[in-house]
Ligand code: IVH
């Protein structure tokens, strides 16, 4: 390549890689596969080597993605955390083996392990006690995430058996697939951005500043390296097995004498990795004998005694026939690509989500394009790229819509949100239908009614909103096809039964944006009836645990709409329960009934969670922020100064844990 052309290509590649880095590390929404990314990076590095005059310290090739964030204390690694040389081809594994053979005259063994797709962590143990947990960062120093890592059950806080006085363990922090799906479901309910895959979810979780939130997410840790002075063995496999006796989790590991066995391990796991509870993206092949590590040495970033073989993502190429736009119950618009059916990882794929307008723009998607479809960590397949060589000449870029496909209202986009919304909440048919489907769903009002029935009732004009369900009569239902007397009676019974569900279930069923099951429970306990909630002000809402500005505004907005207030009235008139049961305990023995508490600081006799449940068991409510609505600030050691100041300003009594227990036990 000529110098000038090379210069242009280098700057093009740098720009492209910078953009992908940003999407990967910052937005957590990668649009190309790791493999494609690696290929682009390789191309850049080889051009930069060939034309050193274009050297630039800011080139994406000059850094391995750093995860240093400002909020965590930085800790230096005693031994740098290197990365691994990657390959996608078996030939390169053969080459790797040849190189090893050239340096090593004796016989040697390999150890094969899975390449876990999570976040690398270094764990330091002193006298068997976990002292420090640090992320990889830039390889030399990373974030001190000890508090968060301590919450991971598979990381031993204290080792068992005989162990060296000082020990460093390296491993991968993962979010198993099941926990990932659960987390994303919760986030969707709350209208929060979804994590693109389990790795991003694990990385995002480790960065949370509040380790009690981290503790609620089912992170796991599998270790893959043991470093230290007085290790029991001079080989990797044996140390790893020993580490499992100390209490660490290890996964599939196999000692291989020949390359043939390495390939067998790779073939097996390429086929069976979907059965593992967590994601893997390849196999790591390491030399077993530590004695050979120095002999083989290191390149600037990677050891020469190990290599990673990466599995190819399952990918298919197919034609995109059209792009459709779906309207969800909250009015959110989701673009969906309709594909020429193609077989991928054992299923036929006909549609793939395009997420939002930005995604379409990033892909530079044109009508009728040939697209790459991949199944990543998610169940829904996604489009990861476009084969521009196969583009139909003259085809137009896919245009985003600016009006609702169902009701033609002009769409709106809120600052900071990726999705467009249809604002016609009260009149847009798919939103109305979606809300009713949500209302009857099992976790909401649990009315035994299929989505098709909801649609039918709406089409017949029998119900216009969820409250109308409670005014249906057996005769109304018998008038429509498929409904005999018996099934009509059953449905009416099921509707009737739902009237007595707890108030938090109704609140969730209303389908208020960002109010998922957990938030509904918290809000319903802070405001024990619909009337109380309707009366509540913005500040009162903000004071509830887990309620932030977005949720508070959404609730305020919901109850400011006349259409919603009339639904509430209809529900009430029909006898649907909209207040908390006054149970005996809270009525008679509830010394704290109606009282709101904020807890701050640490306590000597009880944990914060214990104090919270003591308050709740005695009829009180826990809220997170001090406002005029709060009755007591329960303060411990290191009480938050801002909370204390606010309580003083508002004349709210600050009490100790002894005073709290005194309030309960006093007759
Ligand atoms: S060994 C000197 N073993 O891959 C490098 N790494 O690209 C030692 N990883 O940062 C790493 N599974 O986060 C090793 N079984 C395994 C691994 C593994 C995943 C990750 C690790 C590392 C990256 C290297």
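Computed over the chain, the per-residue total of -39500 (n - 2.57) for DSSP H runs of n ≥ 4 gives a 222 nm mean residue ellipticity of -10500 deg cm²/dmol, rounded to 500.
Each 10 Å bin from zero holds the following percent of Cα-Cα pairs in region 528-667: 11, 35, 33, 16, 5, 0.
Counting other Cβ atoms within 10 Å as a rough exposure proxy, the listed residues 208, 169, 32 run 208, 32, 169 from fewest neighbours to most. What's the angle, to the nearest 10 degrees (0 to 90), between helix 429-440's Cα axis and the longest principal axis of the chain? With both axes taken from Cα atoms, the answer is about 80 degrees. P(r) for region 311-450, from all Cα pairs and a bin width of 5 Å, is 2, 10, 17, 17, 16, 15, 13, 7, 3, 1, 0 %, short bins first. According to the square roots a ≥ b ≥ c of the eigenvalues of the Cα gyration tensor, what is the shape class of region 41-170, taking rounded for a/c under 1.5, prolate for a/b larger than b/c otherwise, and oblate for the remainder? It comes out oblate by the Cα gyration axes. Relative protection proxy for 547-554, 569-576, from highest mean packing down: 547-554, 569-576 (other beta-carbon atoms within 10 angstrom).
Per-residue Cβ neighbour counts within 10 Å put 557, 369, 476 in the sequence 557, 476, 369, beginning with the fewest.
Based on Cα coordinates alone, diagonalise the gyration tensor for region 118-173, multiply each eigenvalue by 5, take square roots, and list the semi-axes in whole Å, largest first. Mind showing how you got there, number by number?
Values: eigenvalues 72, 31, 17 Å².
Equivalent-ellipsoid dimensions as semi-axes: 19, 12, 9 Å.
Can you tell me the relative contact order of the chain? Whole percent, Cα pairs under 8 Å, sequence separation 6 or more.
Details: 1133 pairs, mean separation 59.8, N = 667.
Over the chain, the number comes to 9 percent.
Axis of helix 34-50 versus longest Cα principal axis of the chain: the two differ by about 40°, to the nearest ten degrees.
Its Cα gyration tensor gives region 456-568 an equivalent ellipsoid. The semi-axes, each the square root of 5 times an eigenvalue, are 33, 14, 11 Å from largest down. By the gyration tensor of its Cα atoms, with a ≥ b ≥ c the square roots of the eigenvalues, what is the shape of region 408-523: rounded for a/c under 1.5, prolate for a/b over b/c, or oblate? Here region 408-523 falls in the oblate category.
Kindly express, to the nearest 10 degrees and within the range 0 to 90, the angle between helix 90-103's C-alpha long axis and the longest C-alpha principal axis of the chain. Approximately 50 degrees, to the nearest 10. I want the antiparallel fraction of DSSP beta bridges within the chain, as a percent rounded to 5. So the antiparallel bridges in the chain amount to around 85 percent.
Treat the count of other C-beta atoms within 10 Å as a stand-in for reagent exposure and order 469, 167 from fewest to most.
Values: 469 26, 167 23.
Ordered by Cβ neighbours within 10 Å, fewest first: 167, 469.
Which shape class applies to the chain: rounded if a/c is under 1.5, otherwise prolate when a/b exceeds b/c and oblate if not, where a ≥ b ≥ c are the square roots of the Cα gyration tensor eigenvalues?
On the way: a/c = 2.14, a/b = 1.37, b/c = 1.57.
Cα axes put the chain in the oblate bin.
Considering only region 521-667, what is the antiparallel percent among its DSSP beta bridges, to the nearest 5? If I count the DSSP bridges inside region 521-667, around 25 percent turn out antiparallel.
Each part reduced to its alpha carbon centroid, region 370-427 and region 260-289 end up 36 Å apart.
Quick note: the coordinates plus some simple rules give every number you see, no bench work behind them. Just so you know, these numbers come straight off a predicted model, no measurement behind them. When we count neighbours, we look across all protein chains shown, and the Cβ atoms used for this are built from the backbone with ideal geometry, even at glycine.
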